[in-house]
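The values are calculated or read from the model by the stated rules, or taken from the named source; none is laboratory data. Fair warning: this is a prediction, and the values are worked out from it, not measured in the lab. FYI the Cβ positions are ideal-geometry reconstructions off the backbone, even for glycines, and counts take in every protein chain you see.
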Amino acid sequence: MSGQQRTGWNGTAASPARLLIVDDEPVQLLALCGALEGRGFQITGCSSAAEALVHLRPGSHDMLLTDLVMPGTDGIALTREALRIDPLIAVLLMTAEGTIGSAVEAMRAGAGDYLLKPFQLDGVLAAIERGLAMRRLRQQNAELEQRVRRHVADLEASNRELDAFTRSASHDLRSPLNAVLGFALLLRKHASSTLEPRHQQWLADIESSARRMNRLIDDLLRLSHLGRQALERRPVALQPLVQDVLEDLKRHQAAHGAEITFGELPTVDGDASLLRQVYMNLLSNAFKFTRHTPAARIEIGSARRDGRTVFHVRDNGSGFDMAQAEQLFQAFQRLHRPDEFEGNGVGLSIVERVVHRHGGEVWADATPGAGASFYFTLGETAN
């Protein structure tokens with residue numbers, strides 16, 4: 001049977017399974033090939049491992065059935081080499097001198113099944129079916145991995161294009177914007193005394209709008225960068241991190257007299273710079289929306305709920321209508337008029353993205369005129 005091929009019927013006549021059968025005993029090889037003849041398998045019979053390797057190419061066979069004990073290269077060594085050539089091929093090892101040790105070694109080498117001689121045809125067919133099912137699963141996994149790799153490559157290419165576009169657009173937007181702001185400043189410097197009060201107000205509006213547009217471009221760049229920034233996870237002690245954020249905010253808002261209640265915060269696994277941004281945005285909002293509140297209060301803390309740590313930032317400021325809560329975390333969506341509170345509506349969108357990238361979720365609760373509470377989780381935390 002050496003080197004010969006046979007084709008039969010196994011219920012899949014359109015694409016018969018291709019078996020490579022290796023046995024150094026001619027009688028055994030002939031018997032096995034003969035028994036499988038007429039079952040629909042496309043068979044290549046070989047009397048040695050060396051001969052089998054001549055026939056084996058990536059994708060040339062679906063399954064290898066090999067004797068364990070053979071002169072020269074044994075079945076386990078052949079299994080390793082076959083899988084090196086074609087990682088998807090299924091392998092069935094056959095032997096008359098099997099031990100637990102050889103069976104374990106065969107499985108470690110990559111064999112999917114192990115049969116002891118003499119064996120019944122039904123047992124061989126069942127082992128072949130198991131092996132072919134395993135090969136199909138490997139093939140599906142390989143195809144899925146390939147699709148995922150292609151998708152990741154496409155996403156990386158799209159991100160690079162988006163990054164280039166964002167930077168180009170921000171540059172193209174800033175150039176005329178800076179010109180407008182520059183000429184407005186020159187006009188104020190050299191002609192302010194000749195302008196009527198209403199014209200001076202128009203000039204102030206131009207300057208204010210230009211600066212607001214510059215901040216909006218900065219927010220766009222920050223929002224775009226956030227989606228591509230790699231997480232640098234490590235243990236982060238939130239207590240000193242949030243204290244540092246508060247010190248920053250107090251330096252810039254020294255006139256704000258809010259009473260701040262600081263609860264216990266655990267150490268978490270996360271990206272320190274991104275988590276700092278979360279608290280910076282939430283606390284900036286709390287300071288902003290309690291600016292006109294008598295006896296303003298801001299509370300920072302965490303609590304264990306349903307087996308997870310829930311972090312919170314609460315205030316008793318202006319609050320908002322929960323009927324508009326769906327818009328809360330959408331970029332550039334604002335729930336207050338610009339003349340009431342400044343901002344571009346990006347801060348909470350950044351909070352949501354950072355929290356989601358840490359495997360958590362974020363939500364809010366509020367009442368108009370009675371304050372707002374923001375809650376978030378960060379996946380698993382370490383206390």
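Filtering segment 106-129 to residues that are basic (Lys, Arg) and touching a residue at least 40 places away in the same chain (Cβ under 8 Å) leaves only Lys117.
Restricting attention to segment 62-75, does a residue exist that is charged (D, E, K, R), loosely packed, with under 15 Cβ neighbours inside 10 Å and either out of contact with any Gly (no Cβ under 6 Å at 6 or more places or on another chain) or within 21 Å of Glu37 (Cα to Cα) (or both)?
no
Between Ala325, Ala372, the distinction of being assigned by TED's automatic domain parsing to the domain that holds Val278 and either part of a loop (DSSP other than H, G, I, E, B) or modelled with pLDDT of 85 or more (or both) belongs to Ala372 only.
State which residue is surrounded by the fewest Cβ atoms within 10 Å (Cβ to Cβ) when the search covers only segment 174-215 and only residues that are among the acidic types (Asp, Glu) and closer than 27 Å to Val346 by Cβ. Looking at the filtered set, the residue picked out is Asp205.
Just one of (1) of a type in the set (Lys, Arg); (2) exposed (fewer than 14 other Cβ atoms within 10 Å of the Cβ); (3) at pLDDT 85 or above; (4) over 22 Å from Arg233 (Cβ atoms) fails for Arg304. It is (4). Contact map, segment 234-249: residues that are farther than 11 Å from Ala272 by Cα paired with residues that are among the hydrophobic types (A, V, I, L, M, F, W, C) and at pLDDT below 95, Cβ distance under 7 Å, separation 6+ or inter-chain. Pairs shown: Gln239/Leu265; Val245/Met280; Val245/Leu283; Leu246/Ile260; Leu246/Leu283; Leu249/Leu283; Leu249/Phe287. The residue pairs whose first member lies in segment 279-301 and is in the same structural domain as Val313 (by TED's automatic domain parsing) and polar (S, T, N, Q), whose second member is in a strand (DSSP E or B) and surrounded by 21 or more Cβ atoms within 10 Å (Cβ to Cβ), and whose beta carbons are closer than 7 Å, counting only pairs six or more residues apart or on different chains, are Thr290/Ile298; Thr290/Asp315. Among the residues here, Glu51 does not qualify as at pLDDT 85 or above, farther than 21 Å from Leu83 by Cβ and of a type in the set (D, E, K, R).
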